[in-house]
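All of the numbers you see were taken from the coordinates with simple rules; none came from a lab. Bear in mind the structure is a predicted one, so any value in this text is a computation, not a measurement. When we count neighbours, we look across all protein chains shown, and the Cβ atoms used for this are built from the backbone with ideal geometry, even at glycine.
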Amino acid sequence: MFDSNEFEEVTIDAENLVPWPRIAAVAAMVGFSLPTFLTGLEVSIGLPPWEAFGALLLGSLIIFAIGGIIGMIGARTRMSSYLLIRLAFGDAGAGLVNIAFAISLLGWFGLNINLFTQAMGRLAFSLFDIQLPEIAMAAIAGLCMTITTLVGFRAINWLSTLMVPVLAFVTVWLISSALGEKSFAAIMQTDVEPTLTMGAGVSAIVGAIIVGAIILPDITRFAKTTQGAVGTAFIAYVPIQIVVMGAAGLAGSLAPNAEFLDILIDLGLGLGAIIIVIASSWALNSLNLYSTVLSVKATFPNWNRTALTIGLGTVGVIFALMNILDSFITFLIYLSAVFVPVAGVLVADYLVVRQDHYALENLGKGAAVNAKAFAAWLIGAGFAIGEILGWAPSPTGFAALEAALLTGAVYLAMVAIDRVRPSSSAPQEG
């Protein structure tokens, strides 16, 4: 459906528009990924079963609300996420937001290399009874993923498309294998000593998907209708996400102290599971690096793409050696704290403040930095991080939801004050 120019800024006309189920299929590909499985597993072993299910349901609905509205904006305006952020935060401000996105994507890159190196290590030990050094495996993984990214989006798309049916099979296998060991009722009655709060579980689920939800306009701008954009968000973030994370949770309930690779092997997938992990990590991480390069390139257009790809791939390997996987849930929670407020600003600005501003002809006409948008983002993110660290009270216990609502409310309040101030000061000026 989309070629290598899908991330470039092009004029969308009737010939470019496609039926929304095809767009939903592209969005759903990310749902069948190892980080999604891993998130479901980590939440399921950190909360009692019914609380984990509640966190999954609420987190999915929050992401659907965010992705549905932002995807709808993309379909209405025919603009990519980068253009929408430019209009919301200003031309220079958008560069800072894009750098934040690039850092988060590099974090995902490092995390996926952690998964990749674990699988490579297990494969080498199982087949050859040898242990490969972690640094060498991370370097090899980073090199392979960087080369794939350099080849281009077509290579990434081919590899991703090849792996989606395989990961869909893994999902069905996990569910059938888990239910073959225990009934659903017995699994839901499993005693679990909580290591997470309900709010932390929701924030982790939101954090796992939030970046993808914010950049959803990159593909929903091709939808024929706004309803199709909402349908795309629903398919990707409700049934797909719930089934994939739920499958991992069901499987994890059989061996709550085991790692994801161990669970796959114990359920009978054997070395095939490791190959799946290697291939899917490779595909997803190449896409992560590709998106990172595009984010940085958008901010620094004169930088050489090849050198930038190699440099960012090297940084991603360094991130991997920091063992981000050991702090996976913490990483996701902070992602939700930082990026949910971006959605809060964009939604409030478009729906309430200045919908007419979101047109191609307005690019470059406004302030370089929308100070109110940045102030609201910083306040919302700061409050969410304060809740995570225990420095600020949480009225509902759900930091991700509160961050979105607070950011939108602060932004609207600043806009209202700014509009009232001139009229209230007019008599003094006269």
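Ranking Ile219, Ala186, Trp158 by how far each Cα lies toward the positive end of the dipole of region 19-328 (charges on Cβ) leaves Ile219 at the top.
Is the shape of region 301-373 best called rounded, prolate or oblate, per the rule: a/c under 1.5 gives rounded, else a/b larger than b/c gives prolate, else oblate, with a ≥ b ≥ c the square roots of the Cα gyration tensor eigenvalues? Provide the component values of the computation, followed by the final result.
Values: a/c = 3.95, a/b = 1.51, b/c = 2.61.
Oblate, since a/c reaches 1.5 and b/c is not below a/b.
For the chain, a Gaussian network of Cα nodes joined below 10 Å ranks Leu284, Leu312, Leu360 by mean-square fluctuation, and the top entry is Leu360.
Could you give the length gained by full extension between Lys182 and Thr225, i.e. 0.36 nm per residue of separation minus their alpha carbon distance, to one decimal place? Mind showing how you got there, number by number?
Values: separation 43, 0.36 × 43 = 15.48 nm, distance 4.38 nm.
Extending this stretch completely gives an extra 11.1 nm.
Comparing Phe169, Phe331, Phe398 in a Gaussian network model of the chain (Cα springs below 10 Å), the most mobile by mean-square fluctuation is Phe169.
For region 366-372, putting each phi into the Karplus relation 6.51 cos²θ - 1.76 cosθ + 1.60 with θ = phi - 60° gives couplings of x, 5, 4, 9, 7, 4, 5 Hz, in residue order, rounded to whole numbers and with x for Gly and Pro.
Sort Arg221, Arg78 so that the residue with the fewest other Cβ atoms within 10 Å of its own Cβ comes first and the one with the most comes last. Mind showing how you got there, number by number?
Details: Arg221 26, Arg78 20.
Least to most surrounded, the residues fall as Arg78, Arg221.
In order along region 46-59, the Karplus-derived 3J(HN,Hα) couplings, from 6.51 cos²θ - 1.76 cosθ + 1.60 at θ = phi - 60°, round to x, 9, x, x, 5, 5, 4, 5, x, 5, 5, 5, 5, x Hz, and Gly and Pro are given as x.
Counted by neighbouring Cβ atoms within 10 Å, the residues Asp91, Asp349 run from fewest to most as Asp91, Asp349.
Axis angle, to the nearest 10 degrees, between helix 328-348 and the longest C-alpha principal axis of the chain: 30 degrees.
What is the magnitude of the charge dipole of region 19-328 about its Cα centre, with +1 placed on the Cβ of each Lys and Arg, -1 on the Cβ of each Asp and Glu, and no other charges, expressed in debye to the nearest 20? Before the final figure, lay out each step's value.
Values: 11 positive and 13 negative charges, 306 e Å.
Computed charge dipole of region 19-328: roughly 1480 debye.
Largest GNM mean-square fluctuation across Ser327, Ser281, Ser80, computed for the chain with C-alpha springs under 10 Å, falls on Ser327. Against the empirical curve 2.2 N^0.38 Å, the C-alpha radius of gyration of region 19-328 lands at a ratio of 0.99.
A Förster radius of 45 Å combined with the Cβ-Cβ distance from Asp129 to Leu96 puts the calculated FRET efficiency at roughly 0.35.
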